[in-house]
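Trainee: Quick one: this structure, given as structure tokens, is what I'll be asking you about.
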Amino acid sequence: MSQCPDITFSPISETDKEPVIDLFNYYIENSFAAYPEEKVPYEFFCLLLETCRHYPSVAARQADGTLVGFGLLRAHNPMQAFRHTAEITCFIHPDLTGKGIGTRMLELLENAGKAKGITTILASISSLNDGSIRFHGTHGFRECGRFVRVGMKKGTVFDTVWLQKFL
């Protein structure tokens, strides 16, 4: 992709622990994109890896190896009946949004998901995260549900907007 020529993409690895958690913690502290109210410890990375075991993941890195984004698919529901449906999570360094990195990460996750038999991707997004709702809508996701006033972070109530894309 021409907008992100100096970015390389590969699966998330054990060596990504600190930069992944640092990026996630940025969004915890500065937005409604990540749901926790408090920063998570580096040990949280093990949980992230476990949630995407058997599913595709992607790390975006600059030429010097610096992680600038990550994304993953994970089970929507552990029951066998839902094995073709995955939920998506993606975070991009705030200074690098709008440069095609998220689009490329989404393409990679979709293609790898298709290869694993995923036919539907779901995204749970805070109603206060307009940028993510717009991004997913631009890339073929459609709103399929909304849970009204179910979240509260730092005293602010929000909805969770569910978006869906068929692969």
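The values are calculated or read from the model by the stated rules, or taken from the named source; none is laboratory data. Everything quoted here is computed from the prediction, not taken from an experiment. FYI the Cβ positions are ideal-geometry reconstructions off the backbone, even for glycines, and counts take in every protein chain you see.
Trainee: On the basis of being assigned to a loop (DSSP other than H, G, I, E, B), of a type outside the set (D, E, K, R) and touching a residue at least 12 places away in the same chain (Cβ under 8 Å), does ALA34 make the cut?
Mentor: yes
Trainee: State which residue pairs qualify: first residue closer than 29 Å to ALA81 by Cβ and touching a residue at least 24 places away in the same chain (Cβ under 8 Å) and inside the range 98-127, second residue hydroxyl-bearing (Ser, Thr, Tyr) and surrounded by 21 or more Cβ atoms within 10 Å (Cβ to Cβ) in any location, beta carbons under 8 Å apart, and separation of 6 or more residues or different chains.
Mentor: Taking only residues 6 or more apart or on different chains, the pairs are LEU109/SER57; ALA123/SER132; ILE125/SER132; SER126/SER132.
Trainee: How many of the residues making up the range 134-167 are part of a strand (DSSP E or B) and not acidic (Asp, Glu)?
Mentor: 21
Trainee: Now, a different point. Go through the range 131-157 and report how many residues are of a type in the set (D, E, K, R), under 19 Å from GLU29 (Cβ atoms) and modelled with pLDDT of 95 or more.
Mentor: Of the residues in that region, 1 qualify.
Trainee: Report, by residue number, each residue of the range 22-42 that is among the aromatic types (Phe, Trp, Tyr) and surrounded by fewer than 19 Cβ atoms within 10 Å (Cβ to Cβ).
Mentor: Residues satisfying the conditions are TYR26, TYR27, TYR35, TYR42.
Trainee: With the requirement that a residue be surrounded by fewer than 18 Cβ atoms within 10 Å (Cβ to Cβ), over 17 Å from ILE92 (Cβ atoms) and hydroxyl-bearing (Ser, Thr, Tyr), what does the range 48-71 give you?
Mentor: Across the range 48-71, the qualifying residue is only THR51.
Trainee: Within the range 48-71, track down each residue that is assigned to a loop (DSSP other than H, G, I, E, B) and either at pLDDT below 95 or of a type in the set (Val, Ile, Thr) (or both).
Mentor: Within the range 48-71, CYS52, ARG53, HIS54, ALA63, ASP64, GLY65, THR66 meet the criteria.
Trainee: Is it the case, given these coordinates, that GLU18 is of a type in the set (Asp, Glu) and farther than 21 Å from PHE166 by Cβ?
Mentor: yes
Trainee: What's the number of the only condition in (1) in a loop (DSSP other than H, G, I, E, B); (2) surrounded by 13 or more Cβ atoms within 10 Å (Cβ to Cβ) that PHE45 fails to meet?
Mentor: Going through the list (1) in a loop (DSSP other than H, G, I, E, B); (2) surrounded by 13 or more Cβ atoms within 10 Å (Cβ to Cβ), PHE45 breaks only (1).
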